[in-house]
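**Q** Please read through the structure below; I'll follow up with questions.
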Amino acid sequence: MKKFLLAVAVTMAFLTNSCGEDIFTTKESIILGITQGTTEFLPISSTGHLILVDQFLLNKEPLPSDDIGNIKALKAQAKNAYFAIIQFGSILAVLFLYRRRFVDMFLGLFGHNYHGRNLMLNLVASFLPVAIIGPFISGWLQRTLYHALPVAIALIIGSIIMIRIEKSYNKKRVKSYGKIDNLTFAKSFSIGLWQCLAFIPGTSRSMATIVGGYQCGLRRSEAAEYSFLLGFVTLSAATTYELVKDFNVIFSYFSVKTFLLGIIVACISSMVAIKFLISFISRNGMVIFAWYRIVLAILVFCSFFH
C-alpha cells in the first residue's frame, strides 16, 4: 500500500508540473478529481456535484447548449465526457479494495468458486437494466437535465426516498440472511432497476443501489459493498462508452495528462470514501446524507432567487 501511494504521489507531481492548457487547469482537474472520488460512492450524487462545482465554483459556462453545431456545445460535450472518464479512478479504487472478490469471481468463471460465480451472475443481472436503457436516453438527459436546477430537484427527491427507506429499515429482519452471497438473480435485477434512477443527475447511483439493496433485505454494510461492486461494472461500461462515443471531441479539448491527473485524484478520493462509508453506514444509516442533500439543494435554489 505504501509503495502504491508513493508511485501515485510521484505520478501526480509529474502531471501537476507538465499539464498543458485545456478546458480545465491543473487546479481544476484536481478539484474535479476530488469531487468525483469523494461523491461517487457516497449517496449524494457524483454527477450532480461535478455539474454544480463546474457551474458555480469553477466559473465555467453552464452545461450544455442545445445548439450542437457551435463551439460551446462541443465544449459542453467534452466536459460531460471528462466527468464520465475520470470515473475510471473510482473503478480502480474498487478493484484494489475488493480484489479478493474479483479473484473469487475470476475463479467462479471457471467453476472453482461457487460464491464468486453467483456474485458475477448477480452483478450481470443488476447491470442489465442500465445496459438496455442507457444508450437510448443518456444523450437526451445530458442535453436537458445537466443543469443546476434539475440536480437540486433530484437531490430533494432522493433525500425523501432515503429518509423513508431508513425509517422502514429493520435490523432484525435482515440479520439472518442479509448478505451478498444470499442474493438471488431476481433480487439482483431489481437492484439494477433502482440503479436506472441514477441516469437523472442529482439522484446518485450509490443511493439508488443501496436503497435497492435495502429493499432486497441486505444489511447496510452489505448493501453498500454490493453498490461498490456494481459500480465497478456500471462505471467501466459508462467510461468505455463515453470514450468511444466522444473520442475525437474529448482530445480536442483535453490532454491525456489532464485526464490522468483527474483519474489519479479520483482513485485516492474514492478509496477514502469507500472506507468511510462502509464504517459509517453500518452504524448510522443514510439519513445524515439525506439532510446534506437537502441543505445543498436549498443553497442551489437560493442561488437562482437571490
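Every number in this text was worked out from the coordinates using simple rules, so none of it is lab data. Bear in mind that the values here come from a model prediction, so they are computed numbers and not experimental data. So basically every Cβ, Gly included, is an ideal-geometry build from the backbone, and we count neighbours across all protein chains shown.
**Q** Once you keep just the Cα pairs under 8 angstrom separated by 6 or more residues, what percentage relative contact order results for the chain?
**A** 35 percent
**Q** Using per-residue counts of other Cβ atoms within 10 Å, averaged over each peptide, order 26-32, 75-81, 283-289 from highest down.
**A** Numbers: 26-32: 20.4, 75-81: 23.6, 283-289: 17.1.
Answer by packing, highest mean first, reads 75-81, 26-32, 283-289.
**Q** Over 23 Å between C-alpha atoms is what I'm after, so list which of Lys79/Lys257; Lys187/Lys245; Lys245/Lys275; Lys27/Lys75; Lys75/Lys275 land there. List each step's numbers first, then the result.
**A** Details: Lys79/Lys257 15 Å; Lys187/Lys245 32 Å; Lys245/Lys275 33 Å; Lys27/Lys75 19 Å; Lys75/Lys275 35 Å.
In this structure, Lys187/Lys245; Lys245/Lys275; Lys75/Lys275 exceed 23 Å between Cα atoms.
**Q** Determine the gain in length on full extension of the stretch Ser279-Ala131; use 0.36 nm per residue of separation and subtract their C-alpha separation, reporting nm with one decimal. Show your work: numbers first, answer last.
**A** On the way: separation 148, 0.36 × 148 = 53.28 nm, distance 3.06 nm.
Result: 50.2 nm gained on full extension.
**Q** Sort 294-301, 106-113, 49-56 for me by packing, meaning the mean count of neighbouring Cβ atoms within 10 Å per residue, highest on top. Don't skip to the answer; put the middle values down first.
**A** Numbers: 294-301: 16.9, 106-113: 13.0, 49-56: 22.4.
Per-residue Cβ counts within 10 Å, averaged per peptide and sorted highest first, yield 49-56, 294-301, 106-113.
**Q** Another question, then. Please give the Cα centre distance for segment 203-269 versus segment 134-166, rounded to the nearest Å.
**A** For segment 203-269 versus segment 134-166, the Cα centre distance is 16 Å.
**Q** Based on the mean of other Cβ atoms within 10 Å per residue, sort peptides 95-104, 38-47, 233-242 so the most packed one is first.
**A** Details: 95-104: 15.1, 38-47: 26.4, 233-242: 18.3.
Packing proxy ranking, top to bottom: 38-47, 233-242, 95-104.
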